C-alpha cells in the first residue's frame, strides 16, 4: 500500500493520518522536517531526502539498489492498494483506497480522446500531487513520456516566468490558481510569453463561467475543465468547444464512464431533470481505509453532486447535494446565487450557504470578497432572482477558507454566522 500525504498539513493532521494508516515506512523531504518529525511514531522507519536529520538518507537508500531493473512480476488483483485522501470539505480528510491492479485503461484512453496530451508536451503542474487531480496529471504525463515542471510552491507571477522559461505547452492547475494568475498586474504578465500553452487542464473545484470567459480572452481556447472526484475518478471533460457552444457544461462523460441521474427514490430521471449523480466506471474506489463506503445503487457510486444530462448527453452540475438549501419548501442551488453576485463589479470571490431559520427552515447567507456594499449585493439579487433566493445576510470578508485544491470550506463559513443580526428583510415567500 502506498499513500501520498498532504505536504501542507500541520503536525496534528499528519499525526492523525499516520495513526490511521499505520505505515511501515515514511519518505519525506527535510524541508518538511519541522511539521513531520513531531508527528512520527517511535517505531516508524523513515527515509529523508535532503539530509540533515540523522535518519536514513534518500540518496544512500536508492544508491544501494542494483543498477539493473527488477525482474518483471505480476500483481494479483487485490494484492496491493494505494490511498488518496479526500480534500476534507465536509470533515476530516478520508483515505480513499484503490486496487493498484485496476488500471482503468478504457477510461484513460477516453480521457486522452478529449484532452490531447502528447509525448512532447512540457507540463507545468503546481497542482498538489497528493490529491487525485495532481496525481492523475502526473500519471497521464508519465505514461506518455512527457516532461514535467514541478514548482516547490505556487506563485502566480513566477508561474508566468516558469511557463516561458521551459516553453510549457500544458498547465495543470486548480481554479483558484488560474484566477490568481489572471489577477497578476498587466505589466508583470506582459513581460512573459506564454503563447506555447495549448492546454490548461483544470479540476479540483467548480470553474464559474466568468473565469472560463477570462481564460479564453487571456490565453485563447485552451481550457479543459475536468470533472471527477477522489472516489469516482475522472468522469467528464468540457473541451473549449463544449464551453463555447454550451455554457456551463462539464462535457460528455469520457468513454468507459456512465453517469446516471437518479431521484431520491433511485429512479432514473429523463434528460433535463435535476437529480443525484451516480457513476459507473472501471476507476471507482474500493472504499475508505476506515471500512466505510459512499452510497451505491446497482453498481453505481454516488458522487455527492446534483446535476442533469441534456438531450445530447452533456453533463451539467448544479452543486453539492449537501449544499442544496430548502427555503420554505423550495430547493435553492447556491451556485445560481453565487453566479449572480460574482457578475457584479468589485466582487473577487463569493460563497453562498444555508443557515437554519425558525420560519423558513433555512435562509441564505452570502460571504463576499471584494469592494462592494452589502445593500448593492442584495439589490442585484432581487433584480435577477426569485425573492426567496435573495440572501438574508451579506458578509463582506477578506478571503474565503479553502482546501489545498481550492474548494471552499462552507462548514467553516456557516460556523461564523450567529443567530439574528439580519442584514436584510425576510425573504419573500416562495411563489
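Take the residues in region 211-255 that are out of contact with any strand residue (DSSP E or B) (no Cβ under 9 Å at 6 or more places or on another chain) and part of a loop (DSSP other than H, G, I, E, B), then tell me which one is nearest to residue 195 (Cα to Cα).
220
Those residues that are under 22 Å from the mean Cα position of the chain (by Cα) and surrounded by 14 or more Cβ atoms within 10 Å (Cβ to Cβ), I need them from region 142-156; list them, please.
Residues satisfying the conditions are 148, 149, 154, 155, 156.
So in region 85-118, with the set limited to residues that are at pLDDT 90 or above and assigned to a loop (DSSP other than H, G, I, E, B), which one is surrounded by the most Cβ atoms within 10 Å (Cβ to Cβ)?
Among those that are at pLDDT 90 or above and assigned to a loop (DSSP other than H, G, I, E, B), it is 117.
Please enumerate the residues belonging to region 366-380 that are in a helix (DSSP H, G or I) and crowded, with 23+ Cβ neighbours inside 10 Å. Spell out the reasoning first.
Start the filter on region 366-380 by keeping residues that are in a helix (DSSP H, G or I), which leaves 374-380.
The answer is 377, and nothing else.
Being assigned to a strand (DSSP E or B) and touching a residue at least 40 places away in the same chain (Cβ under 8 Å) is the filter here; which residues of region 256-291 pass it?
Selection gives 258, 259, 260, 261, 276, 277, 279, 287, 288.
Select from region 386-413 the residues that are more than 30 Å from residue 85 (Cα to Cα), crowded, with 16+ Cβ neighbours inside 10 Å and modelled with pLDDT under 90 and list them in ascending order.
Of everything in region 386-413, those that are more than 30 Å from residue 85 (Cα to Cα), crowded, with 16+ Cβ neighbours inside 10 Å and modelled with pLDDT under 90 turn out to be 386, 388.
Has region 280-290 got any residue that is farther than 21 Å from residue 351 by Cα, out of contact with any helix residue (DSSP H, G or I) (no Cβ under 6 Å at 6 or more places or on another chain) and at pLDDT 90 or above?
Yes, because at least one residue in region 280-290 is farther than 21 Å from residue 351 by Cα, out of contact with any helix residue (DSSP H, G or I) (no Cβ under 6 Å at 6 or more places or on another chain) and at pLDDT 90 or above.
Output yes when any residue across region 309-324 is surrounded by 19 or more Cβ atoms within 10 Å (Cβ to Cβ) and farther than 25 Å from residue 213 by Cβ, and no when none is.
no
Which residue, of 194, 222, 200, 184, is more than 18 Å from the chain's Cα centre (by Cα), crowded, with 16+ Cβ neighbours inside 10 Å, under 30 Å from residue 260 (Cα atoms) and free of Cβ contacts under 8 Å to residues at least 60 places away in the same chain?
The conditions single out 222.
Can you work out which of the residues in region 157-176 that are closer than 30 Å to residue 98 by Cα and in a helix (DSSP H, G or I) is nearest to the chain's Cα centre (by Cα)?
Taking region 157-176 as the starting set, the residues that turn out to be closer than 30 Å to residue 98 by Cα are 170-176.
Now restrict to residues that are in a helix (DSSP H, G or I): 175-176.
Values: 175: 8, 176: 10 Å.
Result: 175.
When you check residue 301 against the structure, is it in a strand (DSSP E or B) and over 29 Å from residue 343 (Cβ atoms), yes or no?
yes
Taking residue 345, is it in a loop (DSSP other than H, G, I, E, B), without any contact (Cβ under 8 Å) to a residue 40 or more places away in the chain and over 30 Å from residue 17 (Cβ atoms)?
Answer is yes for this residue.
Do you know which of the residues in region 119-131 that are within 17 Å of residue 197 (Cα to Cα) and touching a strand residue (DSSP E or B) at 6+ places or on another chain (Cβ under 9 Å) is surrounded by the most Cβ atoms within 10 Å (Cβ to Cβ)?
Result: 127.
Can you pull out the residues in region 153-178 that are in contact with a helix residue (DSSP H, G or I) (Cβ under 9 Å, 6 or more places away or on another chain) and touching a residue at least 60 places away in the same chain (Cβ under 8 Å)?
174, 175, 177
Just the residues that are under 18 Å from the mean Cα position of the chain (by Cα) and assigned to a helix (DSSP H, G or I), please, taken from region 119-141.
Result: 132, 133, 134, 135, 136, 137, 138, 139, 140.
The values are calculated or read from the model by the stated rules, or taken from the named source; none is laboratory data. As the structure is a computational prediction, the values presented were derived from the model and not from experiment. For neighbour counting, all protein chains shown are included, and Cβ atoms are generated from backbone atoms with ideal geometry for every residue, glycine included.
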